[in-house]
Amino acid sequence: MQTRAPADPDVREFEATVTAAAGGEVVLDRTYFYAESGGQPADRGTLAGVPVVDVRAGDDGVVHHLAEDPDLSPGDEVVGVIDDEFRTYCMRAHTASHLLYGAGRRLLDDLGYGGFDIDAEKVRVDLATTTDVDDAVLVELERLTNRAVWDSRPVSWEEVPVEEARARDEVAFNTKTEEGVMSDADTVRLVEVEGWDVAACGGTHVANTREIGPIEVLDRSNPGEGLTRVEFAVGPGAIDRRATVRRAALDAARDLDTNVTDLDEAVASLRAERDDLEAAVRTYKSAVLDARLADLPTAERDGAVWRIGTVADFDPNEVGEAAKERVGDDVDALAVVGEGSAPYVVVATTGEVDAGDVVDGVTERFGGGGGGGPTFAQGGGLDADPADVVAALRGG
């Protein structure tokens, strides 16, 4: 015996006879509780007045797992009551996944099902496709899906021979997630959204797409090679998400002194202005750093002319690049110690002095680590006052 939920999804209360009972596990001669499968969760509700916590398909029928032992025996008559709110949500969410796939048929190349799941907050569909689902494609998927809701398309289902279903090119098979839909069966259940999508599916669905309500795409990701995961909300969750996005867009438009429809242009203008400012800042910082390096005191060591001193407010990479550019103009070596809580040393030379040896000497004396080659080296994590490191470099 299998659940009658997919065939009669609007049934919320029914009578049945117990065929087996052990502890909190009960099997009936018929049931309208949906057993978890294919990414759709089990129905909630009560059986004989006891909460149903799970429903699973077993070898001997659909097993209802109850919150406590109802003390039932085979032959007992019981009443099952299905949680209307959760069943309705699952019907809407499952049908919405078909609409999303139908939208994918119109936008994506080499489309196939990669997986499906419903939870209390969102629905996910894994689309196997060679198309790069970027922001523009994602927005169009959402638009087409909601348009299919608005079009009030009838939804129907029927059992057809397996071979007939396989022969129809337009039928989508979600064989990875629709467990048992086609295994050891002569027929397969096809769910059709008129003029939009047809798929082999064993879940519960609404009779018309207008019953679904708004659909809001939440996120996309790539769970595996060739797969794009699209997550979306249905109904109240979609309404709340849409309000949040709308509020954020209005706030951003107000802050940028524009309207929502022109927000992209305002952001592009702001980004260009930011890029210009960042370029100006880099140029300014480079000029400041170059001037500071040029002002460092000189010293003679072993016949070579050095500039040795400290700088603040620049990281070692910035100092290193500037030192490489300046060395050789009027000095043979440039040794710079960074001020701050984490002193570092940067050495650039023309090759007359081995920069790596200099840095090794500093880190041996003051701790930290680093390294490099004959013309450039740097070290960090020095456990010393920068002035003491400079004094050591000057003293040889």
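Per the Kirkwood formula applied to alpha carbons, region 252-396 shows a radius of gyration over Rh ratio, Rg over Rh, of 1.20.
Given +1 on the Cβ of Lys and Arg, -1 on the Cβ of Asp and Glu, and no further charges, what dipole in debye does region 1-103 carry about its Cα centre, rounded to the nearest 20? Walk me through the numbers on the way to the answer.
On the way: 7 positive and 19 negative charges, 110 e Å.
Charge dipole, region 1-103, about its Cα centre: 520 debye, nearest 20.
Out of the GluC sites (Glu not before Pro) in region 197-272, which ones are loop residues according to DSSP with at most 14 other C-beta atoms within 10 Å? Counting only loop positions with at most 14 other Cβ atoms within 10 Å, the GluC sites (Glu not before Pro) in region 197-272 are 225. Across all Cα atoms of region 1-131, the radius of gyration (one decimal) and Dmax (whole number) stand at 17.1, 56 Å.
Taking Cα centroids, how far is region 225-258 from region 331-361 in Å? If we compute the Cα centre of each part, the gap is 52 Å.
In this structure, the amide hydrogen of residue 63, modeled 1.01 Å from its nitrogen in the peptide plane, lies closer than 5 angstrom to those of 56, 57, 58, counting only residues at least 5 positions away or on a different chain.
Take every Cα pair under 8 Å in the chain that's 6+ residues apart, average their separations, divide by the length, and report that relative contact order as a whole percent. Before the final figure, lay out the partial values.
Working: 796 pairs, mean separation 40.2, N = 396.
It comes to 10 percent, rounded to a whole number.
Full extension from residue 329 to residue 135: what is 0.36 nm times the residue separation minus their Cα-Cα distance, to one decimal in nm?
Details: separation 194, 0.36 × 194 = 69.84 nm, distance 5.09 nm.
Extra length available between residue 329 and residue 135 comes to 64.8 nm.
Tell me, what is the percent relative contact order of region 108-259, built from C-alpha pairs under 8 Å that lie six or more residues apart?
Numbers: 243 pairs, mean separation 39.6, N = 152.
With pairs under 8 Å counted, the relative contact order is 26 percent.
Please name whichever of 82, 120, 102 sits farthest to the positive end of the charge dipole of region 71-158, dipole taken about the Cα centre and charges placed at Cβ: Lys and Arg +1, Asp and Glu -1. Checking the options against the dipole of region 71-158, the answer is 102.
For the chain, what does the equivalent ellipsoid look like in terms of its semi-axes, each the square root of 5 times an eigenvalue of the Cα gyration tensor, given largest first in whole Å? Show your work: numbers first, answer last.
Values: eigenvalues 980, 144, 82 Å².
Rounded to whole Å, the semi-axes are 70, 27, 20.
Annotation: per residue accessible area for region 352-396 equals 49 Å², rounded to a whole number [probe 1.4 Å, protein chains only].
Of the heavy-atom accessible surface of the chain (probe 1.4 angstrom), what whole percent is carbon and sulfur? If you can, show how the numbers build up before the last one.
Details: 8990 of 19900 Å².
Roughly 45 percent, rounded to a whole number.
When a/c reaches 1.5 or more, the comparison of a/b and b/c decides; with that in mind, is region 321-376 rounded, prolate or oblate per its Cα gyration tensor? Since a/c reaches 1.5 but b/c is at least a/b, the shape of region 321-376 is classed as oblate.
What FRET efficiency do you get for residue 110 and residue 73 if R0 is 56 Å and r is their Cβ-Cβ distance, rounded to the nearest 0.05?
Numbers: r = 55 Å, r/R0 = 0.98.
Using R0 = 56 Å, I get an efficiency of 0.55.
Magnitude of the Cβ-charge dipole of region 122-238, K/R +1 and D/E -1, about the Cα centre, nearest 20 debye? Don't jump to the answer; show the numbers that get you there.
Values: 12 positive and 25 negative charges, 73 e Å.
The dipole of region 122-238 has a size of about 360 debye.
Listed values for region 229-236 are Karplus-derived 3J(HN,Hα) couplings in whole Hz (6.51 cos²θ - 1.76 cosθ + 1.60, θ = phi - 60°), namely 9, 10, 10, 9, 10, 10, x, x, and x replaces Gly and Pro.
Charge dipole (Cα centre; +1 on Lys/Arg Cβ, -1 on Asp/Glu Cβ; no other charges) of the chain amounts to roughly 740 debye. Per-residue 3J(HN,Hα) values for region 256-273, derived from phi via the Karplus relation 6.51 cos²θ - 1.76 cosθ + 1.60 with θ = phi - 60°, read 9, 6, 9, 10, 4, 5, 9, 4, 5, 5, 5, 5, 4, 5, 5, 5, 5, 5 Hz in sequence order (x marks Gly and Pro).
Based solely on its DSSP helices, what 222 nm [θ] is calculated for the chain when runs of n ≥ 4 H residues each add -39,500 (n - 2.57) and the sum is averaged over all residues, nearest 500 deg cm²/dmol? Display every interim value, and only then the final one.
Numbers: 8 runs with 131 residues, N = 396.
My calculation for the chain gives -11000 deg cm²/dmol from helical runs alone.
With contacts taken as Cα pairs under 8 Å and at least 6 residues apart, region 1-132 reaches a relative contact order of 24 percent.
The values are calculated or read from the model by the stated rules, or taken from the named source; none is laboratory data. Since this is a predicted model, take the numbers as computed values, not measurements. Cβ sites come from the backbone with ideal geometry, for glycine too, and all protein chains shown count toward neighbours. Quick note on the areas: whole protein, heavy atoms, side chains included, nothing else; ligands and nucleic acids left out. Shrake-Rupley method; radii C 1.70, N 1.55, O 1.52, S 1.80 Å.
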